[in-house]
Every structure is written in structure tokens, then in C-alpha cells.
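**Student:** Pasting a structure here, questions to come.
The values are calculated or read from the model by the stated rules, or taken from the named source; none is laboratory data. None of the values given here were measured: they were computed from a predicted structure. Cβ atoms come from the backbone with ideal geometry, glycine included; neighbour counts cover every protein chain shown.
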Amino acid sequence: MNTVLLLGRTGQVGWELERSLQPLGRVVACARSEADLSRPETLRALVERVRPDVIVNAAAYTAVDAAEQEEDLAYRINADGPAVLAEAARELNAWLVHYSTDYVFDGTRGPYSETDATRPLNAYGRTKRAGEEAIAAAGCKHVILRTSWVYGARGKNFLNTMLRLAREQEVLRVVDDQIGAPTWSRTIADVTAAILTRLDERRFSPDMSGIYHLASQGETSWYGFARLIIEETRSLRESSPRIEAISTEAYPLPAQRPRDSRLDCRKLTEIFRLTFPTWQDAARLCFKDSLVK
Ligand SMILES: NC(=O)c1ccc[n+]([C@@H]2O[C@H](COP(=O)([O-])OP(=O)(O)OC[C@H]3O[C@@H](n4cnc5c(N)ncnc54)[C@H](OP(=O)(O)O)[C@@H]3O)[C@@H](O)[C@H]2O)c1
């Protein structure tokens, strides 16, 4: 019987993980009040109390634009906290599963593989990259899943923003010159559970430990994603807005974003024999499951 310690249970991915991890054993799921990554010094006592076989860290500072003003806090949550979790995992010989982002890349030439050089364009990306490095340096058994453009029925994300704007506005102006792969939080949770099952079945070999890319298959722009959302959820509204493609420059934000942050996910398929849905199929499943009645 495994014990899994899950951090970030209230987030998009954490919410789905609490369900997906159930078949693996006892899941001790923590919210921010029980495991605060901005207070890294408190985390070791938690890990020592729970004595997990696996730590799954879905908690993070994810406010990309606000991070430009709060890089120290973001660093504590995204790098210092995970570093303590990694050291505690090493001492218990536990696995640490952690999530990172396509925003560690500069977006000049996707699709990116795990060995490509990183060059974050913004503070959030820098703190997430520092978290990856801290975990690797701690020397625990780890799986870092870099993912992209996360959405789900729950939480603050592009899907929910588009659904809200579709009720409020006649025209939606959406950026069409950043490409990537929208990835459903449930896909991430289910793939995490499948990875942990595979790890449980096999003898440990050091090459399993490391960074993996995990995203839906295919690619689109935010505009392309918005079109699918609006078309597939027509039945929720009396009328649907017109969608207008705009450039990144026409929608200035505090944090710079990569233009092409597609992730090459072949390593995950090769090592763990897992495949992923296309971004359209996953989005339709999400809408069917959660939105369209
Ligand atoms: N969202 C994306 O588009 C995206 C893209 C690529 C990678 N990722 C990565 O995927 C992972 C999951 O992201 P997500 O989209 O599920 O994030 P999310 O929905 O923003 O949830 C973040 C979670 O972290 C918690 N949290 C924030 N500050 C904390 C702190 N100081 N201590 C403890 N918990 C804290 C939040 O708790 P509260 O509910 O209390 O705020 C929440 O449970 C993260 O590592 C993120 O960097 C996300």
C-alpha cells in the first residue's frame, strides 16, 4: 500500500489528481493552509509526519503577469518550497512528482524536447526553471512533467475566461500568433497516475528519473482554441460572439510570452508507453463532461 502526499489540491491539476490518484493507495491531500510552499521551513515536518512513498506537488505560484512584480514570492513557492520537498523525498527514498511549464523556453523554435536549452522570457518561467534545477540538485527520484496551456472546468483559465466573455461581449479579440497545445487538467492527472503505476510495476532505474514533456497532441493558437470553445459550447448561449484574430502586440501584458512553445512529448511515450489525446478531442471531452448539458 502506497501513501501519496498531494500538495495543491485546490488547483486545476490538484483537483483532478485527488481523484486520479485514489487507486494508488492512501492519498493525503493538502491545501495551502496545510502545506504552504511560501514557508518552505514548515514542509519537512509535514513530510516526516506523513512518510509518503510519493509526493505529488501540484501547488505553484501560477499568476504569470503578477510574478513580474512578485518574483521573490514566486521564487519561494516555485523553487525554495520544491527544493525542501525534494530533500525530504531523498531522505525517505520517495518519488517526487512535480509540474513545470512550457514557459521555461523562449519560444523561438518549438517543438522543444527535454534536452533543449531553456531561456525563460518572464519571471514566472525563471522561478519554474529554478524549481526544476533545485529538484535535480537534491538528487531524489523525481518526475518533472512540463506541460502547457492548462485548462479545466474548474479554476482560472482560458476556457473559463472565454465562456465568461462570450456571455458579456459581442466580439472576442484573441491572440493568433502564439502557438502551443491546450492541455486538459484531467489528462495531466490521469497521465500522472499512469506513470506512478508503471513506476510501481518496474524496478527502479535511474534513467526513469528526470524531466518529461506532457501536452495534448497537435497545436493551435489562442485564437484557434477560442474558436473551438465558442463553437462547441453554442448550446449554452442564445447567441455566440464573433472572434477576431489579433497579434500579441495588440494585447500587451506585463509578462512576455513565448511565441512557439510546442512540446515534443515522445520521451514520455517511449519510456512509459503512454499516448495523449489531441487537443481538440480532450477539449470536447472536457466540455461534454463539465459544461454542455
Ligand atoms: N496553468 C497553466 O496554464 C500551466 C501551464 C504550464 C504548467 N503549469 C504548471 O502546472 C502545475 C499546476 O498548475 P495549475 O494550473 O493547476 O495551477 P492553479 O490552478 O493556479 O493552482 C495552483 C495551486 O497552488 C496552490 N498554491 C498557490 N500558492 C501556494 C502556496 N504558497 N502554498 C501552497 N499552495 C499554493 C493554490 O492554492 P489556492 O487555491 O489556495 O490558491 C492551488 O491549489 C503548476 O506547477 C504550474 O506551474 C500550469
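**Student:** Kindly indicate whether residue 275 is within 26 Å of residue 16 (Cβ to Cβ) and under 24 Å from the mean Cα position of the chain (by Cα).
**Tutor:** When the stated conditions are applied, residue 275 passes them.
**Student:** Still on this structure: Collect the residues in segment 47-69 that are in contact with a helix residue (DSSP H, G or I) (Cβ under 9 Å, 6 or more places away or on another chain) and more than 11 Å from the ligand (Cβ to nearest atom), keeping them in residue-number order. Show your work before the answer.
**Tutor:** Taking segment 47-69 as the starting set, the residues that turn out to be in contact with a helix residue (DSSP H, G or I) (Cβ under 9 Å, 6 or more places away or on another chain) are 47-48, 51-69.
Of everything in segment 47-69, those that are in contact with a helix residue (DSSP H, G or I) (Cβ under 9 Å, 6 or more places away or on another chain) and more than 11 Å from the ligand (Cβ to nearest atom) turn out to be 47, 48, 51, 52, 53, 54, 55, 65, 66, 68, 69.
**Student:** Output the qualifying pairs, or none if there are none: Cβ atoms under 6 angstrom, residues six or more apart or on different chains, first residue in segment 141-167 and farther than 13 Å from residue 13 by Cβ and modelled with pLDDT of 95 or more, second residue among the acidic types (Asp, Glu) and in a helix (DSSP H, G or I).
**Tutor:** Every condition considered, the pairs that remain are 144/132.
**Student:** Give the residue, chosen from 242, 266, 237, that is loosely packed, with under 14 Cβ neighbours inside 10 Å, within 30 Å of residue 141 (Cβ to Cβ) and in contact (Cβ under 8 Å) with a residue 40 or more places away in the chain.
**Tutor:** None of the other options fit; the residue is 266.
**Student:** Also, quick follow-up: Can you pull out the residues in segment 177-204 that are in contact (Cβ under 8 Å) with a residue 12 or more places away in the chain, surrounded by fewer than 20 Cβ atoms within 10 Å (Cβ to Cβ) and among the charged types (D, E, K, R)?
**Tutor:** Hits for segment 177-204 are 177, 190, 198, 200.
**Student:** Where in segment 1-100 are there strands (runs of 3 or more DSSP E), lying wholly inside it, with at least 1 residues that are closer than 17 Å to residue 133 by Cα?
**Tutor:** Numbers: elements: 2-7, 25-30, 54-57.
Per the criteria, 54-57.
**Student:** Pull up segment 1-46, narrow it to residues that are near the ligand (Cβ under 7 Å from one of its atoms) and in contact with a strand residue (DSSP E or B) (Cβ under 8 Å, 6 or more places away or on another chain), then point me to the one that is farthest from residue 215 (Cα to Cα).
**Tutor:** Just the residues of segment 1-46 that are near the ligand (Cβ under 7 Å from one of its atoms), to begin with: 7-14, 31-32, 35-38.
Filter once more, so that each one left must be in contact with a strand residue (DSSP E or B) (Cβ under 8 Å, 6 or more places away or on another chain): 7-9, 12-14, 35, 37.
Working: 7: 21, 8: 20, 9: 21, 12: 15, 13: 13, 14: 16, 35: 27, 37: 25 Å.
Per the stated criteria, the residue is 35.
**Student:** If you scan segment 140-159, which residues turn out to be away from the ligand (no atom under 11 Å from the Cβ) and not basic (Lys, Arg)?
**Tutor:** If the condition is that a residue be away from the ligand (no atom under 11 Å from the Cβ) and not basic (Lys, Arg), then 140, 142, 143, 153 are the ones that fit.
**Student:** Here's something else I'd like to know. Based on this model, can you work out whether residue 106 counts as away from the ligand (no atom under 11 Å from the Cβ), of a type in the set (Asp, Glu), part of a loop (DSSP other than H, G, I, E, B) and more than 22 Å from residue 10 (Cα to Cα)?
**Tutor:** Spelling it out, residue 106 is indeed away from the ligand (no atom under 11 Å from the Cβ), of a type in the set (Asp, Glu), part of a loop (DSSP other than H, G, I, E, B) and more than 22 Å from residue 10 (Cα to Cα).
**Student:** Could you check, for segment 160-168, whether at least one of its residues is surrounded by 20 or more Cβ atoms within 10 Å (Cβ to Cβ) and within 12 Å of the ligand (Cβ to nearest atom)?
**Tutor:** Looking through segment 160-168, none of the residues is surrounded by 20 or more Cβ atoms within 10 Å (Cβ to Cβ) and within 12 Å of the ligand (Cβ to nearest atom).
**Student:** Pick out the one residue from 195, 243, 211 that is part of a strand (DSSP E or B) and under 18 Å from the mean Cα position of the chain (by Cα). Lay out the reasoning, then the answer.
**Tutor:** On the way: 195 fails: part of a strand (DSSP E or B); 243 fails: under 18 Å from the mean Cα position of the chain (by Cα).
The conditions single out 211.
**Student:** Kindly evaluate residue 207 against the criterion of being at pLDDT below 95, within 30 Å of residue 94 (Cα to Cα) and not small (Gly, Ala, Ser).
**Tutor:** When the stated conditions are applied, residue 207 passes them.
**Student:** Now for a separate question. Go through segment 142-157 and count every residue that is part of a strand (DSSP E or B) and under 15 Å from residue 187 (Cα atoms).
**Tutor:** The total comes to 5.
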